Amino acid sequence: MKRLEFDTSPSTGRPVLLVVLVIASLLVTTLWYREGTDGPIHVLRRGVIAASEPFLIVGTWVSAPFRAVGNWASGASTDRSAYEALQKQNLELKQQLAALQEAKLQYYRINALVDFVKVQDLKSVGARVIGRPTDSWSGTIVVDRGTAKGVKIGDPVIAAGGLVGQVIEVSPLASKVRLITDPNSGVSVIVQRTRVNGVVRGSLDGSLHLDFVDKAKKPIRGDVLVTSGLGGVYPKEIVVGEVTDVSSPQADLYPDVAVASRVAIDRIEEVLVLLDQQTPASLPGGGE
């Protein structure tokens, strides 16, 4: 039986084909550069490009949505990280702005207090409010100055808008202040316009009222009340508040006069304690 044999030697035709292709490419290249733009090779090339353009356009149109999705996906993470960075920066800037605004407001409040003390030629020490009442009927606050700074019982306490109250307890580093809105507080005042005397008292609800004013000399809305200086508790001419309402019930001996403080006592943050004032030995009912 005859065995089948296969020729495994390299084909002798392949090198010949390669040589033919190289020679052909050289000839085409030479003709390309030697012929003009209207030569047969140029014309053939333009025909091939024109024939393939529809397929190129269709391929581009079909692949456009996929490229858009890819571009969006690749840019989404970048846009998200940039947004988070901008958001963080915006928050930091807002915090800085809030701090600057608070410092500005504090400067104005303290500057107003200092100006008032200079005009009145009063000795004082600045203090911050560090404690407020925990109930609705206690009209007191705690400030961060005490005997270590020369504060003593009976010292008046003021703010930029006027009178705040009087020191009733004191320790080396802090003092308790009875506010003028406290029911036990009483401040001897005069009506700035008429010079009529009276007493401003606090109440359980924190409102102020002017007592002991003759009906014939009752004040009117807008009248300013200032300390009279009587009794030596408060220096003279410190603003206590202004009249907001007046009524005269026939059965009452005195008119009912409502008063509003010019100090936002429930939100006060900085005060001045007036030092070395002549105060009585005891403070029954807050003193007048």
Exercise. Among 224-230, 209-215, 244-250, what's the highest-first ranking by average C-beta atoms within 10 angstrom per residue?
Worked result: 224-230, 209-215, 244-250
Seminar exercise, completed: In whole Hz, the Karplus estimates of ³J(HN,Hα) for segment 223-231 (6.51, -1.76, 1.60; θ = phi - 60°; x where Gly or Pro) are 4, 8, 10, 10, 5, 8, x, 5, x
Exercise. Taking a quarter of the surface of the Cα convex hull of segment 124-278, what do you get in nm²?
Worked result: 8.6
Exercise. Using a basic spin-label model with each label point 7 Å from the Cα along Cα→Cβ, how many nm lie between Ser25 and Gln95?
Worked result: 6.7
Exercise. With each label point set 7 Å from Cα along the Cα-Cβ vector, what nm distance links Ser203 and Arg132?
Worked result: 2.2
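Grab the Cα-Cα distance for Phe212 and Ser247, subtract it from 0.36 nm times how many residues apart they are, and report the gain in nm with one decimal. Walk me through the numbers before you get to the answer.
On the way: separation 35, 0.36 × 35 = 12.60 nm, distance 1.36 nm.
Difference between extended and current length: 11.2 nm.
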Exercise. If Lys and Arg each add +1 and Asp and Glu each add -1, what is the summed charge of the other residues whose beta carbon sits under 10 Å from the beta carbon of Gly126?
Worked result: +1
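Taken together, the values in this text are just the output of simple stated rules run on the coordinates, not laboratory data. This structure is a prediction, so every number in the text was calculated from the model and none was measured. When we count neighbours, we look across all protein chains shown, and the Cβ atoms used for this are built from the backbone with ideal geometry, even at glycine.
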